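Every number in this text was worked out from the coordinates using simple rules, so none of it is lab data. Quantities reported herein were computed from a predicted structural model and do not represent experimental measurements. Don't worry about glycine lacking a Cβ; one is built from the backbone with ideal geometry, like all the others, and counts go over all protein chains shown.
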Amino acid sequence: MNENIKLICPVCGNKLNALEKSLVCKKNHSFDIARQGYINLLPVQNKHSLNPGDTKAMLLARREFLDSGKYSAICRDVADAVNRYKITKTPVLADIGCGEGYYTVRLAELCNAFCAGIDISKDGVRAACSRSRDILWLVSTASRLPFEDESVDVVTAMFSLLMPEEYSRVLKKGGCVTEVTVGSRHLYELKEIIYDEVFEQDKHPAPVSGSLKEVECTEHSYKISLDNSRLKALLLMTPHFWRIRRERREMLENTRNLELTVHYWVRVLCKK
Ligand SMILES: C[S@@+](CC[C@H](N)C(=O)[O-])C[C@H]1O[C@@H](n2cnc3c(N)ncnc32)[C@H](O)[C@@H]1O
């Protein structure tokens, strides 16, 4: 296990040490390293449902879509932002809400980072293990991260959650959070098919207070063209899937090709 990543027990907060095929704290709370390589650090009391997070079908769709490379520009934009602000050449990077690991693996490479991928979905983390064994994959909640105070250089949140206080706790002084959030025109053409009316809400990331200070917030937009199978995969990985009416779904199932807008914000928040 990578000794640059300092883990703490999710039950008592004491340091976790590697012992054969498990991690153990001084109070003898023990967590097995699963056969696939991940560690489940989500105690039942922090679990609010049986299988929290994305379903297996959503994860498969996410993998199929992301592997097409249509969102690789997002990853490069985030890596560029991380590299502009990182405080060391080889940072410890925690990717929160890593899902099936597409971005985590690429960020590790592009940022020359020691990476941990964290997600509340065990299925997501299991899928992520098959992408790389060089990442520390953890089942955990973003609201109580299993890292020592001030032990992480970079936190990334790719279309995931922002928990400013918790991210600030684990970040070293001068460390940064880089988050990606969707813009108001993101997948607009898909929403036009799904809904009778599409409201363009202002999706500029909400201001944060506390010890994280916004140092950069940039808007990005480009077009992608999707064939029928990628379109279906994209739909399944978004929350629109649960809202679409049958006749609209049929319409999409018969759409051969669709040009879509990808619109997102990349924001960097640094710890004072
Ligand atoms: C929209 S997905 C983004 C996944 C990945 N970052 C990507 O862009 O492909 C949000 C992810 O956050 C995870 N998630 C939701 N609540 C969480 C929590 N409290 N702690 C950690 N992860 C959480 C979900 O399981 C899901 O994988």
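Details
- Applied to the stretch 245-255, the Karplus parametrisation 6.51 cos²θ - 1.76 cosθ + 1.60 on θ = phi - 60° returns per-residue 3J(HN,Hα) values of 7, 4, 5, 6, 5, 4, 4, 5, 5, 9, 7 Hz, with x for Gly and Pro.
- Sorted peptide list for 182-195, 245-258, criterion being average Cβ within 10 angstrom, highest first: 182-195, 245-258
- Contact order relative to length of the stretch 42-132, as percent, for alpha carbon pairs under 8 angstrom and 6 or more apart: 34 percent
- Ordering of 88-101, 231-244 by packing [mean C-beta count within 10 Å, highest first]: 88-101, 231-244
- Listed pairs Lys191/Lys213; Lys27/Lys172; Lys6/Lys56; Lys89/Lys272; Lys6/Lys172; Lys26/Lys172 exceeding 22 Å between Cα atoms: Lys191/Lys213; Lys27/Lys172; Lys6/Lys56; Lys26/Lys172
- Taking the convex hull of Cα positions in the stretch 1-145, its mean projected area over all directions (nm²): 8.9 nm²
- With a Förster radius of 35 Å applied to the beta-carbon distance between Glu192 and Ile87, the computed FRET efficiency rounds to 0.20.
- Among beta bridges from DSSP that stay inside the chain, the antiparallel ones total about 60%.
- Peptide packing for 168-175, 11-18 was compared via the average number of neighbouring C-beta atoms within 10 Å per residue; ordered from the highest value, the list is 168-175, 11-18.
- Modelled FRET efficiency - R0 22 Å, Ser22 with Asp134, Cβ distances, 0.05 increments: 0.60
- Residues whose amide H falls under 5 Å from that of Ser184, counting only those 5 or more places apart or on a different chain, are Lys203, with hydrogens built in the peptide plane.
- Mean ellipticity per residue at 222 nm, deg cm²/dmol - from DSSP H runs of n ≥ 4 across the chain, formula -39500 (n - 2.57): -8000 deg cm²/dmol
- Look at where the Cα atoms of the stretch 209-272 and of the stretch 121-157 average out, and the two centres are 23 Å apart.
- Along the stretch 159-165 the Karplus relation, 6.51 cos²θ - 1.76 cosθ + 1.60 evaluated at θ = phi - 60°, assigns HN-Hα couplings of 6, 10, 9, 10, 10, x, 5 Hz to successive residues, with x for each Gly and Pro.
- Calculated diffusion of the stretch 89-137, Stokes-Einstein form, Kirkwood radius summed over Cα pairs, 37 °C and 0.692 mPa s, µm²/s: 320 µm²/s
- Global geometry of the stretch 81-173, whether rounded, prolate or oblate, following the gyration tensor of its Cα atoms and the 1.5 cut on a/c: oblate
- Full extension of the segment from Ala34 to Val182, taken as 0.36 nm per residue of separation minus the current Cα-Cα distance, would add 49.9 nm.
- Kirkwood Rh, Cα atoms: Rg over Rh of the chain: 0.98
- Inter-probe distance in nm under a simple model that places probes 7 Å from Cα toward Cβ, at Glu3 and Ser143: 3.6 nm
- Using a Förster distance of 25 Å, the FRET efficiency for Glu150-Asp77 (Cβ separation, nearest 0.05): 0.40
- Under 15 Å, Cβ to Cβ, from Tyr195 - net charge with Lys/Arg +1 and Asp/Glu -1: +1
- Note that the stretch 229-235 has calculated 3J(HN,Hα) couplings of 5, 5, 4, 5, 5, 4, 4 Hz, one per residue in order, obtained from phi through the Karplus relation 6.51 cos²θ - 1.76 cosθ + 1.60 (θ = phi - 60°); glycine and proline are x.
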